[in-house]
Amino acid sequence: EIPRVTGVQTCALPICPCHRVFGLTVVASAMSLATATAPVALGGARATLRGRRLAHTGGSDKVIQKAPAVKPRRRGTVTTASAVGTNLTTWLLRQEMEHKIDGELAVVLSSVSIACKRISSLVQKAGISGMTGLAGGAGNASGEDQKKLDVVSNEIFCEVLRISGRTGVIASAEEEDVPVAVEETYNGNYVVVFDPLDGSSNIDAAVSTGSIFGIYQSDQSCVPDWGADDEGVVQEKCITNVCQPGDNLLAAGYCMYSSSTILTLTVGHGVYSFTLDPSIGEFVMSHEDVKIPATGKIYSFNEGNFVNWEPGLKEYMDAIKKGGKANDGKPYSARYIGSLVGDFHRTMLYGGIYGYPGDDVNKNGKLRLLYECAPMSFIAEQAGGMGSTGRGRVLDIQPDEVHQRVPFYTGSREEVQYLESFLREN
Ligand code: P6P
């Protein structure tokens, strides 16, 4: 039974094996291709040309094969082979070897990937396991109806993060307004913010959904003194620890549950996507060092809100419908599935712009800064794109509260800058 303290939910979980990223021998598949470039004249000896054995020539020095004209490599040039096909665990170990993350963060990321696998399995069979439809109850902290899978996905994320033993504080889209302090036994150095199942309104129609997460270093001055702090002080420290600007993010990612399950993440050195291979239950790298095209002819907005948009945004919309730079002056195309993760992933790969503007009804729009816009902006910037409020960089914002909303535009750098130019004029 998890003892609940009103205000700050702490939990004393039974001692469980932590998720560990076991040390594996990492074989760096460095290949150096020393290739002959001149025609090969063989004199009575076996020879190897690029690994293929050629027949003995009986001593005549005639050319028996002209090597393909390839640019000679400087001997000793090590060519690091692509990491595509590497599984997530091996990639995390490589990041740790290269000091891009520490072992503790590797454990947290590995735990998140386990949560994503479990949620993917539930999403794939939601329609036949009675997991569609509303959970009932009062809804989440943002006043949104909770689907059954929202609640279950949230519990999965909370459980794997607590058991990882590396998480100090967690803040979820589905938890009440205060972040949750992880009980001391399992307390760790990281703050994890997440939306366990974004776009869950699409579940009943089997349209793409996703999990979004961001990981911060815990501010040691905000770690509760479990023996002395009362719950008000613990709560205050947790909120301070969670409300960090996106620029402090150590890692961020999303897992898209669609025609395939794709975990995309960054640890601050580029963006990598791993596709779940259900036959082995492993995330396998499918996209290496993803870069968003500088321009793109797809725009992704809910135009149902058009009448409430500010004048500059309306002018922008009219402009790209007449024609834009990315499409040789021809009109852009609209794509909108109402799921941030799906719309964002497509924008990442194809280019273009996704936006959820503020309007006359909701001046800060709908998306939450901490666990939607900031993680997605970190990923976008790592992929050469942008994350903007239309008038500033999302990652610069110091959050005032956990479920704070901001207007959000992201995608191709030149497309977001073009949009900003219309808003600056007004
Ligand atoms: P609307 C899903 O609820 C979400 O948070 C994002 O995933 C999505 O982009 C947006 O809201 C859709 O909102 O108002 O267009 O239905």
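The values are calculated or read from the model by the stated rules, or taken from the named source; none is laboratory data. Source: prediction; values computed, not measured. Counting neighbours? That spans all protein chains shown, and the Cβs are built from the backbone with ideal geometry, glycine included.
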In region 379-388, the residues that are among the hydrophobic types (A, V, I, L, M, F, W, C) and either within 15 Å of the ligand (Cβ to nearest atom) or touching a Phe, Trp or Tyr at 6+ places or on another chain (Cβ under 8 Å) (or both):
Ile379, Ala380, Met386
Give me a count of the residues in region 379-393 that are assigned to a loop (DSSP other than H, G, I, E, B) and in contact (Cβ under 8 Å) with a residue 24 or more places away in the chain.
5
Lys366 versus (1) buried (at least 16 other Cβ atoms within 10 Å of the Cβ); (2) more than 16 Å from the ligand (Cβ to nearest atom); (3) of a type outside the set (Val, Ile, Thr): which is the lone unmet condition?
(2)
Residue that is nearest to Gly214 (Cα to Cα) [pool: residues in region 84-133 that are outside any helix (DSSP H, G or I) and touching a helix residue (DSSP H, G or I) at 6+ places or on another chain (Cβ under 7 Å)]
Ile101
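I'd like to know if region 195-218 contains one or more residues that are modelled with pLDDT under 85 and more than 20 Å from the chain's Cα centre (by Cα).
Of the residues in region 195-218, the ones modelled with pLDDT under 85 are none.
No, that holds for no residue.
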Can you name the residue in region 266-322 that is assigned to a loop (DSSP other than H, G, I, E, B) and within 16 Å of the ligand (Cβ to nearest atom) and, of all such residues, is surrounded by the fewest Cβ atoms within 10 Å (Cβ to Cβ)?
Asn302
Inside region 236-278, the number of residues satisfying the requirement of being at pLDDT below 95 and β-branched (Val, Ile, Thr) is 3
Cβ-Cβ under 7 Å, sequence separation 6+ or interchain: first residue in region 405-426 and in a loop (DSSP other than H, G, I, E, B), partner β-branched (Val, Ile, Thr). Which pairs?
Val406/Thr389; Val406/Val394; Val406/Ile397; Pro407/Thr389; Ser412/Ile292; Ser412/Thr295; Ser412/Ile353
Just one of (1) of a type in the set (S, T, N, Q); (2) within 25 Å of Lys117 (Cα to Cα); (3) at pLDDT 75 or above trips up Asn187, so point out which.
(3)
Could you give every pair whose Cβ atoms fall below 6 Å, whose first residue belongs to region 188-213 and is within 17 Å of Glu144 (Cα to Cα) and near the ligand (Cβ under 9 Å from one of its atoms), and whose second residue is at pLDDT below 90 and of a type in the set (Asp, Glu), counting only separations of at least 6 or pairs across chains?
Ser200/Asp150
Please specify each residue of region 323-339 satisfying the condition of being over 24 Å from Ala205 (Cβ atoms) and not in a helix (DSSP H, G or I).
Gly323, Gly324, Asp328, Gly329, Lys330, Pro331, Tyr332
Name the residues in region 369-426 that are modelled with pLDDT of 95 or more, touching a Pro at 6+ places or on another chain (Cβ under 6 Å) and polar (S, T, N, Q), would you?
Thr389, Gln398, Ser412
So for region 369-378 (the condition being within 11 Å of the ligand (Cβ to nearest atom), touching a residue at least 40 places away in the same chain (Cβ under 8 Å), out of contact with any Leu (no Cβ under 8 Å at 6 or more places or on another chain) and not polar (S, T, N, Q)), does at least one residue qualify?
yes
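Quick grid of which residues meet (1) modelled with pLDDT of 95 or more; (2) more than 18 Å from Ser211 (Cα to Cα); (3) not hydroxyl-bearing (Ser, Thr, Tyr):
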residue	(1), (2), (3)
Asp318	yes, yes, yes
Asp328	no, yes, yes
Ile337	yes, no, yes
Asp360	yes, yes, yes
Lys363	yes, yes, yes
Residue under question is Gly342, and the condition is that it be within 14 Å of the ligand (Cβ to nearest atom), without any contact (Cβ under 8 Å) to a residue 40 or more places away in the chain and assigned to a helix (DSSP H, G or I); does it hold?
no
Within region 346-355, restricting to residues that are within 14 Å of the ligand (Cβ to nearest atom) and crowded, with 24+ Cβ neighbours inside 10 Å, the one that is farthest from Phe422 (Cα to Cα) is Thr347
